[in-house]
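Okay, so here's the structure we're looking at.
The values are calculated or read from the model by the stated rules, or taken from the named source; none is laboratory data. Not measured: the values here are computed from a predicted model. Glycine also receives a Cβ, built like all others from the backbone with ideal geometry; neighbour counts cover every protein chain displayed. Side chains included, ligands, DNA and RNA excluded: accessible areas come from the protein's heavy atoms. Shrake-Rupley method; radii C 1.70, N 1.55, O 1.52, S 1.80 Å.
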Amino acid sequence: TLSSITSWAVFVTGEDPDTATGKVPNGQGLVTQGGNGDPKVFGGPSFINDVELLGIGANLEMRDGNLWYEDPSCPLGGGYIGDGVAVANPLLTFSPSSRGVWCTSQQWDDIIEEPPIPSFALLPTDPGWVASGSCRVFEPGIYTSAPDFGSNAYLQSGNYVFTGGEIEVSHTVVTAGLQGFFGDQQEIDNAPCDAARQVEADGLTPDFGATFYLDNDARFVVDVQGSLEVLRRQQGAKDFVSMQTLPGNTVYHSTGNEILSTGPGSNKQMAMHGQVYTPQGSIVFGNVANSAVAQFSGGVVAAAFTAQSAANVSGFVIQVAGSPQEDDIAYTATATKNGTTQVRVVASLRFAAPASGSGAGSWELALKSWRVCDGLC
C-alpha cells in the first residue's frame, strides 16, 4: 500500500515550468534506451506522475517494487491496476510477478517530501583548495564558479552550494564526503586522495558525508575520463542526500541541459550514495564503459529520468534501500452453475528486501478476510 512506502528508487514528477503546460512532454518523463537486450533494473518502488510520460524503448524490470502513477479516479491509498500490460508496453516487467502497476489519486508533492535545507550562513565563499600530495582538497562552502578539481580531488564532509553554471567533471576523479556509519563504501578508486580522506584529516566528525546544493543555473556533467562520487550526508531526521536543487535553480527539464548527466561514450563513472532531489530538473544516466561504476543507490526524484546504460555494465545500480513493503490484494472467484456464488478473499502480502549479498528476499502472506456471497459480493 502507498502508506507503507518510505523511499523510492525513481520518482518522476513531470514538472517543467518552461513549457506552456508546465509539464514534461509525453514520452519524455521516464525513458529507457540502448543496451544489449538485457533489462534495465530499478530496485524498489517507483512513481511516475502520468503514465503518458513513459518512454520505455528498452527492457525495464521493476524489481521488488510496484510502479505507481497518479490518477484522480483512483483510491487515495492506492489501487492495483495490473501487470505491465496495463500500460500497454511489453518491455515493462516486474519481479516478483506479484508486483505490478498501481495508481493513486494523491498528487506527487503530497507523496514525497522535500529534504530539509540547512542554513548556509556560516559557509565561506570560494574558499579554494589546499594540496595533499597530488590531491586537491576542498572545504565546504559556496562556490560561485566551477572548482578546478585538477586530476584528483577530495571535497571534505559538509554542505556545498554551487551557483555558477555548468560544472564539468572531465579527466579527473572527484570524491566528496567521508564514508560514515550509514553503510557507504567508496566505489570509485581515488588513491591520491586517500590520505586526505582519513577521519583525522577530514576533521568534521561525526558529521560524515557531503551534500551538493545547486542554485541559479548550476548543473553537473560527468564527461570523458571523469569520475564523480558523492557519499551521502544526513539532512534532518531521516533524509540522506547527495545532491539537491535549491528553489532558485533555473535549470528545468530540457535535452542537453540536465541537472546531472553522464555524456555519451566511455571512460566515465558516477556514484551517488544518497538521494538526488531535483523535482523540476532532468537526469540522464548515459552510456558508460563495461568497467565503469554507474550508481544511484539512494533514489532519484526528478522531473524526468533517462536510463541509457546497459544493464550488464559492472556496478550499474539504480535502487533504494527501503522498508519492507505490504500490498493488500483482493481475489474474487465466481461460480455460475445453478446460480451465482462468489468467494472474495483479501490477503496481505509483505515482501522483505534481501539482506546485503543474499540475493533473495522473503515473503509473508496473511489472510485478512474471507467472504462467501450468494450472488455477487
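Taken together, the criteria place G84 among residues that are buried (at least 18 other Cβ atoms within 10 Å of the Cβ) and either modelled with pLDDT of 95 or more or more than 20 Å from the chain's Cα centre (by Cα) (or both).
Every condition in (1) surrounded by 24 or more Cβ atoms within 10 Å (Cβ to Cβ); (2) modelled with pLDDT of 65 or more holds for Q308 except the one numbered (1).
Out of region 159-179, which residues are of a type in the set (S, T, Y), farther than 19 Å from D215 by Cβ and crowded, with 24+ Cβ neighbours inside 10 Å? Listed by number, the list holds a single entry, T175. If the condition is being outside any loop (DSSP other than H, G, I, E, B), in contact (Cβ under 8 Å) with a residue 40 or more places away in the chain and farther than 19 Å from F296 by Cα, then region 169-194 contributes T172, P192, C193. On the stretch given as region 115-148, residues that are within 19 Å of Q244 (Cβ to Cβ) and loosely packed, with under 13 Cβ neighbours inside 10 Å total 4. Checked against the criterion of being of a type in the set (D, E, K, R), within 17 Å of the chain's Cα centre (by Cα) and in a strand (DSSP E or B), region 259-270 contains not a single residue that satisfies it.
Residue-wise test of (1) more than 23 Å from the chain's Cα centre (by Cα); (2) in contact (Cβ under 8 Å) with a residue 60 or more places away in the chain; (3) more than 28 Å from P279 (Cβ to Cβ).
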site	(1), (2), (3)
G100	no, no, no
S105	no, no, no
I112	no, yes, no
T125	yes, no, no
W129	yes, no, yes
S134	yes, no, yes
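Apart from one condition, E15 fits all of (1) of a type in the set (D, E, K, R); (2) over 19 Å from G299 (Cβ atoms); (3) at pLDDT 90 or above; the exception is (2). Looking across L91, L76, L67, one residue alone is farther than 30 Å from D189 by Cβ, among the aliphatic types (A, V, I, L, M) and surrounded by fewer than 13 Cβ atoms within 10 Å (Cβ to Cβ). It is L76.
Residues in region 236-248 that are in contact with a strand residue (DSSP E or B) (Cβ under 6 Å, 6 or more places away or on another chain) and open to solvent by 10 Å² or more (accessible area, probe 1.4 Å): F240, T245, L246.
Looking at G339, G359, G299, can you tell me which residue is surrounded by fewer than 16 Cβ atoms within 10 Å (Cβ to Cβ) and either of a type in the set (D, E, K, R) or modelled with pLDDT of 75 or more (or both)? Matching residue, one of G339, G359, G299: G339. Scanning region 180-195 for residues that are surrounded by 20 or more Cβ atoms within 10 Å (Cβ to Cβ) and modelled with pLDDT of 90 or more returns a single hit, C193. Can you tell me which residue within region 203-215, out of those that are of a type outside the set (A, V, I, L, M), at pLDDT below 95 and open to solvent by 10 Å² or more (accessible area, probe 1.4 Å), is farthest from Q295 (Cα to Cα)? Checked region 203-215; the qualifying residue farthest from Q295 (Cα to Cα) is G203.
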